1. Report, to the nearest whole %, how much of the accessible area of segment B:2-148 belongs to carbon and sulfur atoms, 1.4 Å probe, protein only.
2. For chain A, set up a GNM with springs between Cα atoms under 10 Å and report which of A:MET92, A:MET17, A:MET106 has the largest fluctuation.
3. Can you give me the distance in nm between label points at A:ASP135 and B:LEU133, each placed 7 Å from the Cα along the Cα-to-Cβ direction?
4. Between C:LEU132, C:LEU119, C:LEU26, where does the largest GNM mean-square fluctuation fall for chain C, given springs only between Cα atoms within less than 10 Å?
5. Taking Cα atoms of chain A, Rg/Rh with Kirkwood Rh, to two decimals?
6. For peptide C:49-56, what's the mean number of Cβ atoms from other chains within 10 Å of each residue's Cβ?
7. FRET efficiency for C:ASP49 and B:ARG4, Cβ-Cβ distance as r, R0 = 60 Å, nearest 0.05?
8. Tell me the total accessible area that B and A bury against each other, 1.4 angstrom probe, in square angstrom rounded to 100.
4 protein chains.
Amino acid sequence: MVSRVERRVIFAETDAMRIVYYANYLQYFEIGRAEFFREFLAPFTDYIDRGLYLAVTETAVRYHKPARYDDRLVIETRLTRLGRASLKMSYMIAHKESKALISTGMTGHALLDEEGRVLRFEKDFRESLKVLLSDSPHDIALKARARTA
Amino acid sequence: MVSRVERRVIFAETDAMRIVYYANYLQYFEIGRAEFFREFLAPFTDYIDRGLYLAVTETAVRYHKPARYDDRLVIETRLTRLGRASLKMSYMIAHKESKALISTGMTGHALLDEEGRVLRFEKDFRESLKVLLSDSPHDIALKARARTA
Amino acid sequence: MVSRVERRVIFAETDAMRIVYYANYLQYFEIGRAEFFREFLAPFTDYIDRGLYLAVTETAVRYHKPARYDDRLVIETRLTRLGRASLKMSYMIAHKESKALISTGMTGHALLDEEGRVLRFEKDFRESLKVLLSDSPHDIALKARARTA
Amino acid sequence: MVSRVERRVIFAETDAMRIVYYANYLQYFEIGRAEFFREFLAPFTDYIDRGLYLAVTETAVRYHKPARYDDRLVIETRLTRLGRASLKMSYMIAHKESKALISTGMTGHALLDEEGRVLRFEKDFRESLKVLLSDSPHDIALKARARTA
């Protein structure tokens, strides 16, 4: 399953190279992740209300083409791995009009309680996540690179 | 009393107009405010540990000259008003080398507890703040403008 | 004339007080301003392509209630003053569901060319702006405060 | 060669989980990278003045422990790979007092001219970079993970 959400670049997100600052793609990934959960499971606020947090353990981004002020971006988000207490999300950002690929990336997450302790997914929750799993274009590219490195 | 702290502009703080994005001066004001308290009273973390928060109720900024990537800025901070449950801070940001005035501004604050209820300053705390009061170049300019408007 | 645009709060915009960081309201104002121009005049990119920039000369914000993670905000934007080479915009941000007022503010702008020189509005452009003028709830409040100060 | 620079966490950099927002580590990496070049070669502004830009082509971060408001961080930066038109930097962020490891990461860069065309390093510049090369703790960890994956 893939969720799609649009976002328009604002000045706040650009830098003096006249392109989106490299850290701000992680904000776009956050938006994609939130909309994936809202669309297929439940909004993050529901989990937070129950004392569950999806902490970020790692992230990776590849920058293919720069995004610029006022560009309309499409953020595609997929769930690409599912462990007992962790999961991975994968992202593709493209220009809405030209379809040009802007960036790909991934984020790794661990399920934590309010005190920061790692939790295992409950069986029902894990089953509802499992049906959402996709292959990740980002991971496929990274694995190919690791093999040839 | 005035505290002075330096800060160098990074790419993250600039925008596609190749100058510091207008919102980011409020980050510089935050830094000035934190260092004022650290230097003359106590670090904010001490107040937070006691359940006290200095919420922002208003802010104003005048942009005199743009700051650019890698500029070294000097942030001057003053306490300019003191009420029973509120205070105002005033800021001046200048280029370190050229001394050119970059921006002036103010922030208004209310003392809150962890549940967001307004608190009065305790007598001792208010006395220790009172001796730090200065006139504000920013307020003087704003009042002059209000009179002539 | 008033333009309305919606925005959902993301984690990136919140801070450790669990509310939207005070500088980030200026990002919401930027979004409101861009949508006002897009709706009633032309997107900012059209002006930038012609070498025209609407620089920010001042800003003021009043924080009425905090906005929190995942809140849906409505940003209302008005053009409230028009000079020969400057203009002022006024903003109101409210919770979409509860209608509670979150913040009000203003930004002052000067028209600049690419070298940062102040330009006067051309007659046609000024006329097209003039018909969009509104009274500003934020300015009315500030003037009342200045009189009683 | 390794450069070290300190940074104190401000509210602007934290989020509603009361920790530093995951994207903001890339700001710390930017600071580390700028200080590495300033210390061992020349400030980025010198390259920009000559029309040279070090664009970011990829980035990766591992989050070991959260950083919190007012924490003092030490950012260590190394140059870990050098190609004909590209290089990689590696970063380690630790708490200044406790020495606890907060995050590790890398950024990949390409040398571009003002029109965004890829440039090869001139021979002298490449030689001056070559003597600065180090092994990367972040890359060593990633390679070990790729082997066992």
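The values are calculated or read from the model by the stated rules, or taken from the named source; none is laboratory data. The structure presented is a predicted model; accordingly, all values stated were derived computationally and were not measured. A quick note on method: Cβ atoms are made from the backbone with ideal geometry, for glycine too, and the neighbour counts reach across all protein chains shown. Side chains are part of the model used for accessible areas, which takes the heavy atoms of the whole protein and leaves out ligands, DNA and RNA. Shrake-Rupley method; radii C 1.70, N 1.55, O 1.52, S 1.80 Å.
1. Numbers: 3200 of 6570 Å².
That share works out to 49 percent.
2. In the Gaussian network model the winner is A:MET17.
3. So the two model labels end up 7.2 nm from each other.
4. Sorting by GNM fluctuation, first place goes to C:LEU119.
5. Values: Rg = 16.0 Å, Rh = 16.2 Å.
That ratio equals 0.99.
6. On the way: counts 0, 0, 0, 0, 1, 1, 5, 11.
For this peptide, the per-residue mean of nearby foreign Cβ atoms is 2.
7. For R0 = 60 Å, the calculated efficiency reads 0.90.
8. Working: alone 8860 and 8880 Å², together 16820 Å².
Buried: approximately 900 Å² between A and B.
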